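The values are calculated or read from the model by the stated rules, or taken from the named source; none is laboratory data. The shown structure was predicted, so the numbers you read here are calculated from the model rather than taken from an experiment. Because the Cβ atoms are built from the backbone with ideal geometry, glycine has one as well, and the counts that use them run over all protein chains shown.
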Amino acid sequence: MNLNQRTTFNFPTSIRFGPGVIDELPDHLKQQRLKKLLVVTDPQLVTLGFFQKIITSLRNAGLAVEIFNGLHKNPVKSDVLGGVALLKKNSCDTIIGIGGGASLDVARAIALLAHHPGDLFDYEDSKGGSERVTGEIPYFVTVPTTSGTGSEVGRSTVISDDVTHEKKILFSPRLMAKIVFADPELTLELPPFVTAATGMDALTHNLESYLAKGLHPLCDAIALEGTRLIGESLVLAVIRPTLEARSKMMMAALMGAVAFQKGLGVVHSTAHPLSTLFDLHHGLSNAIMLRHGMAFNADVCEDRMASLAQALRLQSPGSGSLLKYLGELNAKIGLPLQLSSQGIKEEHVAKLSQLAFQDVCHQCNLKPVTEPDFQALYRAAL
Ligand SMILES: [Fe+2]
């Protein structure tokens, strides 16, 4: 590690963490002198008891609450515009995203458009859009209800075009939440599949960011500890959930997302086209591709693989034991190991590989990845 160079590290997100912290949300908002809230969530969550309890506590505190739940699993621009219209109609001064990655991404995009003119995609990161995020952002709070994407501590949002379904990334450090209320009790009722798939997304974030190229010893340390927490708690959170296991998974998901500001890698580049073309759950895509991506990298980072194996408390530290662990993990948490189980066939490999090669994540992968490499990775996972 070469520390003899100039660089910048940023860890500015304020996180209130722990069982029951959601009860502190109304007082926190009142202390900030906020009055009119737009709560952004998904259509399923709005029907659950704990969500209604949060809304009731906000209203009982004298706060005006509008609820927006008109969003898709893979959010599109018209979802965001619907939320912006409701925000403006009610002159809301605060946006609270409650849910998984989709709800938090839409909430973040609404926060961006609240006081910024023009089209949402004018702010697309690849077109230099982050430079144009200069206006006011409403007070923005995130409340995760899954332990996976880590979008609660993120600074980007992924919104698709309604017609082409092309995913657009909007990014700005100014889009970070002012505060995160991370309450593991909100994840107690998560069903096993969601716990497993989102948990594998969190594991992939920690593993890939630790292996990503570039200098970031702070992120490296966070990724190792996040990996250790997942090793202790993921299987338990799926098969016999306790509050302790849920708390460790929520912390590990936060840590994975903080760590991946260093970068991700080849696994995420293989996962993204699986969601775009086949609507596969992002966490499930990672769960299937993870061991293949790790095997691809093993020959260039044996020392780092050994550290990951150590963090997971595997008996023999090294890439061999890490790959064996990953090969067995999916079955333990009820997830499939092969793409064919999801209807993906040899005839799909070429298109998947083409899109994976265009994906930006593998630019941070320690080992350069070619389109034929992607074809081999998908074939290995079939
Ligand atoms: Fe991810």
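Return yes or no: is Gly150 of a type in the set (Gly, Ala, Ser) and crowded, with 18+ Cβ neighbours inside 10 Å? Can you show your working first?
Working: of a type in the set (Gly, Ala, Ser): yes; crowded, with 18+ Cβ neighbours inside 10 Å: yes.
Judged against the criteria, Gly150 is a match.
Give the residues of segment 159-170 that are free of Cβ contacts under 8 Å to residues at least 12 places away in the same chain and within 16 Å of the ligand (Cβ to nearest atom), sorted by residue number.
Applying the first criterion (free of Cβ contacts under 8 Å to residues at least 12 places away in the same chain) to segment 159-170 yields 163-164, 166.
Correct list: empty.
Criterion applied to Glu208, Glu225 was being acidic (Asp, Glu), within 30 Å of Arg6 (Cβ to Cβ) and within 15 Å of the ligand (Cβ to nearest atom), and the one residue passing it is Glu208. Within segment 248-283, the residues that satisfy the criterion of being of a type in the set (A, V, I, L, M, F, W, C) and within 11 Å of the ligand (Cβ to nearest atom) are Ala253, Ala257, Phe260, Leu264, Val267, Ala271.
So that you can scan it fast, the table gives a plain yes or no per residue for (1) more than 12 Å from Leu207 (Cβ to Cβ); (2) assigned to a helix (DSSP H, G or I):
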residue	(1), (2)
Ala252	no, yes
Thr270	yes, yes
Lys324	yes, yes
Leu337	yes, no
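Report, by residue number, each residue of segment 284-331 that is touching a residue at least 40 places away in the same chain (Cβ under 8 Å), among the polar types (S, T, N, Q) and surrounded by fewer than 22 Cβ atoms within 10 Å (Cβ to Cβ). Once the filter is applied, which keeps residues that are touching a residue at least 40 places away in the same chain (Cβ under 8 Å), among the polar types (S, T, N, Q) and surrounded by fewer than 22 Cβ atoms within 10 Å (Cβ to Cβ), segment 284-331 yields Ser307, Asn330.
Against the conditions (1) within 28 Å of Phe181 (Cβ to Cβ); (2) within 13 Å of the ligand (Cβ to nearest atom); (3) crowded, with 24+ Cβ neighbours inside 10 Å, Ile230 satisfies every one except (2).
Name the residue, out of Ala237, Ala223, that is of a type in the set (A, V, I, L, M), out of contact with any Cys (no Cβ under 6 Å at 6 or more places or on another chain), assigned by TED's automatic domain parsing to the domain that holds Ser275 and within 21 Å of Arg16 (Cα to Cα). First the steps, then the outcome.
Numbers: Ala237 fails: within 21 Å of Arg16 (Cα to Cα).
So the residue among Ala237, Ala223 that is of a type in the set (A, V, I, L, M), out of contact with any Cys (no Cβ under 6 Å at 6 or more places or on another chain), assigned by TED's automatic domain parsing to the domain that holds Ser275 and within 21 Å of Arg16 (Cα to Cα) is Ala223.
Against the numbered list (1) out of contact with any helix residue (DSSP H, G or I) (no Cβ under 9 Å at 6 or more places or on another chain); (2) surrounded by fewer than 17 Cβ atoms within 10 Å (Cβ to Cβ), Asp125 comes up short only at (2). Selection of first residues in segment 250-274 that are of a type in the set (Ser, Thr, Tyr) and of second residues that are part of a helix (DSSP H, G or I) and near the ligand (Cβ under 10 Å from one of its atoms), restricted to Cβ pairs under 6 Å at least 6 apart or on distinct chains, gives the following pairs, ordered by first then second residue: Ser269/Cys361.
Does Arg313 satisfy being in contact with a Leu (Cβ under 7 Å, 6 or more places away or on another chain), under 18 Å from Leu203 (Cβ atoms), among the charged types (D, E, K, R) and assigned by TED's automatic domain parsing to the domain that holds Gly231?
Numbers: in contact with a Leu (Cβ under 7 Å, 6 or more places away or on another chain): no; under 18 Å from Leu203 (Cβ atoms): yes; among the charged types (D, E, K, R): yes; assigned by TED's automatic domain parsing to the domain that holds Gly231: yes.
When the stated conditions are applied, Arg313 does not pass them.
When the criteria are applied in full, Thr276 meets the requirement of being surrounded by fewer than 22 Cβ atoms within 10 Å (Cβ to Cβ), touching a Lys or Arg at 6+ places or on another chain (Cβ under 8 Å) and of a type in the set (Ser, Thr, Tyr).
Taking the criterion of being in a loop (DSSP other than H, G, I, E, B) and among the aliphatic types (A, V, I, L, M), the residues of segment 272-315 that qualify are Leu280, Leu312, Leu314.
Checking each residue in segment 115-158 for being within 16 Å of the ligand (Cβ to nearest atom) and more than 22 Å from Phe17 (Cα to Cα) picks out Thr157, Val158. Filtered by the rule that a residue be buried (at least 23 other Cβ atoms within 10 Å of the Cβ) and at pLDDT below 95, segment 165-179 gives a lone residue, Leu170.
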